[in-house]
Every structure is written in structure tokens, then in C-alpha cells.
Amino acid sequence: MKLITLKTALCLFVAIGLIGWGDAAAGSGGNVATGPWALSSDIVNVDEGTGINNTADGWGTLRYNTAGSSNTVIGLAALYRNTVGYGNTANGYQALFKNATDCYGAE
């Protein structure tokens, strides 16, 4: 489990849960992740505008996201396999589970 430091808090992201965020701790990006494995593969690149402004709430939400941005996800394993898809809204158990690169809204 990663500890949130003052420097991290100032970067405008929150990670709560077991193994929240992989490389996201190295940058900012306006990400919020709550739940085990939520956004755990995210790589923030503010200069390129990737991996930023995501909200992931629930076990495994946006689990494999690396460069996708502006996704809003709530529910167990929702958008689980997303890697670079952006602007998605997924609400509910496994919503858009297999989506990897496309941009949709689903419930």
C-alpha cells in the first residue's frame, strides 16, 4: 500500500485502496482512484495529456489503463481492460469490461 505524502496530495490526485496507481505517483494528472487495483497501471504524462483526469471507483476499475484520459468509472471491474480509450463513462459491474481503445458511455 502506498502512502500519500504532502507532495503527492499537491499533485491533485487521490489513491485509496490496495495497490492504487502504478506510475501515477510520479506525476499529477487530476486522477482519483478508490478501491483495490483501481488505476493500478496508469502512467501519467501531463505533457502529452495522457493518463490524466480519470475517476475510478471500485475493485479493478481502469485496471490496465495506461494512457486513457477523462474516463469516469464506477463499479467492480468496470473498464477493466481499457488501455488508451478516453472520455468513457462506465457505470456498473463489468461495464465496458473488454473495451481497450474505444470511446463509449455505458451502464
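The values are calculated or read from the model by the stated rules, or taken from the named source; none is laboratory data. Predicted model only: the values in this text are computed from it and were never measured. Here Cβ is always computed from backbone atoms with ideal geometry, including for glycine, and neighbour counts include all displayed protein chains.
Which is over 10 Å from the mean Cα position of the chain (by Cα) and either at pLDDT below 95 or of a type in the set (Val, Ile, Thr) (or both), of 54, 88? Outline the logic, then answer.
Values: 54 fails: over 10 Å from the mean Cα position of the chain (by Cα).
It is 88.
Identify, please: which residue in segment 30-54 is over 13 Å from residue 86 (Cβ atoms) and hydroxyl-bearing (Ser, Thr, Tyr) and is, among those, surrounded by the most Cβ atoms within 10 Å (Cβ to Cβ)?
Looking at residues that are over 13 Å from residue 86 (Cβ atoms) and hydroxyl-bearing (Ser, Thr, Tyr), I get 40.
Show the residue pairs that are 6+ apart or on different chains and have beta-carbon atoms under 7 Å apart, the first residue being within segment 39-68 and more than 17 Å from residue 102 (Cα to Cα), the second being charged (D, E, K, R) and crowded, with 17+ Cβ neighbours inside 10 Å.
Pairs found: 40/63; 41/63.
Given the criterion buried (at least 24 other Cβ atoms within 10 Å of the Cβ) and at pLDDT below 85, identify the matching residue among 20, 27. It would help to see each step written out before you state the result.
Numbers: 27 fails: buried (at least 24 other Cβ atoms within 10 Å of the Cβ).
Selected residue: 20, the only one of 20, 27 that is buried (at least 24 other Cβ atoms within 10 Å of the Cβ) and at pLDDT below 85.
Within segment 55-99, restricting attention to residues that are assigned to a loop (DSSP other than H, G, I, E, B) and among the charged types (D, E, K, R), which residue is surrounded by the fewest Cβ atoms within 10 Å (Cβ to Cβ)?
Restricting attention to segment 55-99, the residues satisfying the condition of being assigned to a loop (DSSP other than H, G, I, E, B) are 58-71, 75-88, 92-99.
Imposing the further condition that a residue be among the charged types (D, E, K, R) reduces the set to 63, 81, 98.
Working: 63: 21, 81: 17, 98: 9.
Per the criteria, the residue is 98.
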